[in-house]
Amino acid sequence: MERSDTDKSSSTVLPTSFLCAIVLACLFPFVKKAFNMDDPLFLWAARHIQIRPLDFYGFKVNWFGWETPMVEAQKNPPLVSYYIALVAKWFGWTETALHIAFFIPAVAAAAGAYYIASELCSRPFTAVLAGIFSPVFIISSTTVMCDVMMAAWWVWAVFLWMRGVKKSSALNIISACFFIVLSSLSKYFGISLIPLLLGYSLAKKDARKWAVFLLIPIALLAGYNWLTYAMYGKGLLFDAFSYSASSGAFRAGLLNILMTMAYTGGCLVSVFFYLPFLFDKRVLIAGALAVALVTTGLAPVHAMFSSLPRLPETRHDIGDFYWLYALQLYIFVLSGAAILALAVSDLLRSRDAESLLLFLWVTGTFIFAAFVNWTISGRSVLPMFPVMGILLMRRIRYGRAVKKADRRWMVLVPLIPSLLIALSAAWADYAWANTERGEAAKLGQLYSGDKNFVWFAGHWGFQYYMQDFGFKPLDLKQIRLSAGDIVIIPVNNDDNGLFNMKLRDELARSSQISELRIPSSVWLATMSRYIGAGFYDAGFPADQLPFALGPVPRERYFILRLLRPLRAG
């Protein structure tokens with residue numbers, strides 16, 4: 001006998017509450033993480049919103065190495081900054097207060113994923129654990145950027161749409177439409193929900209009549225684009241897409257596909273530990289050999305490895321950890337290929353609207369990450385976290401090679417190494433972010449009383465804290481430095497043109513140079529070009545891994561004291 005809606009609702013309360021508690025337990029160790037990467041863009045917009053709430057991007061920033069309007073620097077919508085502004089008004093601008101506030105959308109994303117999984121697989125709790133015990137979910141949830149909030153609105157939009165179709169409820173359908181808008185105004189990728197739910201609705205006969213309701217988010221987002229055009233002279237929704245095109249994001253080539261597979265498999269590494277449950281030995285061995293052959297033949301690992309810069313410390317030679325780099329690349333690509341294979345096999349087996357939804361969800365996100373977004377990054381893979389676990393559990397339920405998984409506890413075993421890897425990667429990211437904040441504080445104390453002016457290059461979290469100490473970012477288009485001025489250059493950061501040979505040599509000739517080396521994490525990094533890690537931004541083709549094991553060099557900062565005036569630009 002089928003359970004009533006009341007019974008189903010009550011049966012989900014306990015596991016959902018338990019999932020929320022697990023998410024918070026995973027995130028609270030990182031509550032004091034320093035702001036990093038693109039966090040400052042959202043924070044600066046939030047500060048401006050508190051002053052001029054109807055003009056969210058009406059100010060200028062130096063983010064590319066010179067001052068530009070905020071609408072040129074920030075290619076994400078403003079909803080997250082409004083959220084930060086509201087939280088900061090009541091609880092302040094501390095890292096702790098804002099991180100706790102961003103744990104709320106992380107919890108909401110996990111809860112929404114559970115409700116979707118309850119509709120689509122027999123082990124929804126394990127499915128969601130596989131998703132949240134992934135590096136991409138935990139790392140993204142410890143930022144104050146837009147990705148997790150977009151994912152939270154996303155999963156609830158999908159669930160409400162599915163529920164509306166099932167119950168023939170216009171209220172649920174309309175609510176889903178507004179959640180689509182909220183997801184899109186958190187991050188523009190949320191607009192992908194429209195074709196995703198359209199495809200699902202057209203494939204499900206009793207859902208086709210609801211497809212017309214998707215005109216609601218289309219109209220509202222068109223209104224947003226028109227409004228921003230009136231405010232800033234450009235529609236910010238269309239501008240974001242044109243920025244990707246002009247930045248060369250529409251890339252092609254097998255190496256690019258390989259890198260996206262590596263990012264997919266590394267960010268959702270849980271799937272690797274489930275491989276024995278998913279395929280029989282012959283298929284698994286054949287797949288592993290095929291991935292090794294493709295990886296070595298079409299994009300030789302040695303050539304990619306050799307493209308990494310040499311380590312600045314002499315205690316390690318770059319060749320000493322070639323085997324470790326190659327092993328990680330193989331594992332991540334194999335895992336990424338497995339996720340795509342799960343989506344395809346599930347569609348071929350079930351051939352229904354739900355399997356099509358999962359297939360489009362995975363492949364659409366993959367295509368966006370590989371060919372549309374301005375760079376390959378872990379953040380682009382985040383929307384896959386709910387569907388990956390669902391596909392795993394659906395495969396375990398129907399697969400022939402998983403008889404040993406009938407015992408429920410065995411299905412939980414792969415979650416242990418998954419969680420350890422996810423927490424380790426998040427800790428490495430935490431240590432790196434805190435290193436930038438700590439070094440900015442140290443430099444602030446060192447030079448706060450210096451009579452000469454202090455400038456700095458680099459951006460991300462380092463810029464946020466340096467500006468808090470009153471230091472000023474270099475404007476590379478019009479450098480005007482006086483004798484005695486100090487320029488601080490972080491090495492593991494966005495160079496923004498400082499590696500221009502002419503400018504670099506001119507600075508070196510005009511300065512007395514000293515160097516600071518600060519230890520961060522030792523054998524794991526999320527952003528280090530020396531070991532090929534680029535979670536937030538793959539430096540194509542150097543950073544093929546979202547995070548990497550290897551001898552992580554110390555964070556280096558060059559301090560230049562100008563011996564004579566310098567004019568450039």
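With respect to the stated conditions, L171 fails to be closer than 27 Å to T264 by Cβ, surrounded by fewer than 18 Cβ atoms within 10 Å (Cβ to Cβ), touching a helix residue (DSSP H, G or I) at 6+ places or on another chain (Cβ under 8 Å) and free of Cβ contacts under 8 Å to residues at least 24 places away in the same chain.
Could you check how many residues of the range 338-370 are under 22 Å from the mean Cα position of the chain (by Cα), within 21 Å of F279 (Cβ to Cβ) and crowded, with 19+ Cβ neighbours inside 10 Å? Matching residues across the range 338-370 total 7.
Do the conditions hold for V165, that is, is it in contact with an Asp or Glu (Cβ under 9 Å, 6 or more places away or on another chain), on the phi < 0 side of the Ramachandran plot and not in a helix (DSSP H, G or I)? No. Only one entry of G461, G470, G438, G444 meets the criterion of being not β-branched (V, I, T) and not in a helix (DSSP H, G or I), and that entry is G470. Filtered by the rule that a residue be of a type in the set (S, T, N, Q) and exposed (fewer than 15 other Cβ atoms within 10 Å of the Cβ), the range 427-474 gives Q445, S448, N452. Selection of the range 472-487 for residues being within 19 Å of F558 (Cβ to Cβ) and among the basic types (K, R) yields only K472. Note on the range 531-552: residues that are assigned to a loop (DSSP other than H, G, I, E, B) and either modelled with pLDDT of 85 or more or surrounded by 23 or more Cβ atoms within 10 Å (Cβ to Cβ) (or both) total 11.
If you check P78 against the conditions, is it closer than 23 Å to I180 by Cβ and crowded, with 19+ Cβ neighbours inside 10 Å? Spelling it out, P78 is indeed closer than 23 Å to I180 by Cβ and crowded, with 19+ Cβ neighbours inside 10 Å. Might you check whether a residue that is in contact with a helix residue (DSSP H, G or I) (Cβ under 8 Å, 6 or more places away or on another chain), part of a loop (DSSP other than H, G, I, E, B), modelled with pLDDT under 80 and more than 30 Å from L227 (Cβ to Cβ) occurs anywhere in the range 268-280? Yes, that holds for at least one residue. Checked against the criteria, V144 does not count as within 18 Å of the chain's Cα centre (by Cα), crowded, with 22+ Cβ neighbours inside 10 Å and part of a helix (DSSP H, G or I). Annotation: I191 fulfils all but one of (1) of a type outside the set (S, T, Y); (2) under 30 Å from G336 (Cβ atoms); (3) surrounded by 24 or more Cβ atoms within 10 Å (Cβ to Cβ); (4) in contact with a Pro (Cβ under 9 Å, 6 or more places away or on another chain); the unmet one is (3). Among residues of the range 547-569 that are in contact (Cβ under 8 Å) with a residue 60 or more places away in the chain and over 22 Å from I139 (Cβ atoms), those with a beta-carbon under 7 Å from a residue that is among the basic types (K, R) and surrounded by fewer than 18 Cβ atoms within 10 Å (Cβ to Cβ) at least six positions away or on a different chain give the pairs R556/R517; R567/R480; G569/K477.
When H302 is tested against (1) modelled with pLDDT under 80; (2) assigned to a helix (DSSP H, G or I); (3) surrounded by 14 or more Cβ atoms within 10 Å (Cβ to Cβ); (4) touching a Ser or Thr at 6+ places or on another chain (Cβ under 9 Å), only condition (3) is not met. Of all the criteria given as (1) without any contact (Cβ under 8 Å) to a residue 40 or more places away in the chain; (2) hydrophobic (A, V, I, L, M, F, W, C); (3) surrounded by 24 or more Cβ atoms within 10 Å (Cβ to Cβ), the one not satisfied by F91 is (3). Take the residues in the range 99-111 that are farther than 30 Å from S242 by Cβ and in contact (Cβ under 8 Å) with a residue 60 or more places away in the chain, then tell me which one is surrounded by the fewest Cβ atoms within 10 Å (Cβ to Cβ). The residue in question is I100.
The values are calculated or read from the model by the stated rules, or taken from the named source; none is laboratory data. Bear in mind the structure is a predicted one, so any value in this text is a computation, not a measurement. Using ideal geometry, Cβ is built from the backbone for each residue, glycine included, and neighbour counts are taken over all protein chains shown.
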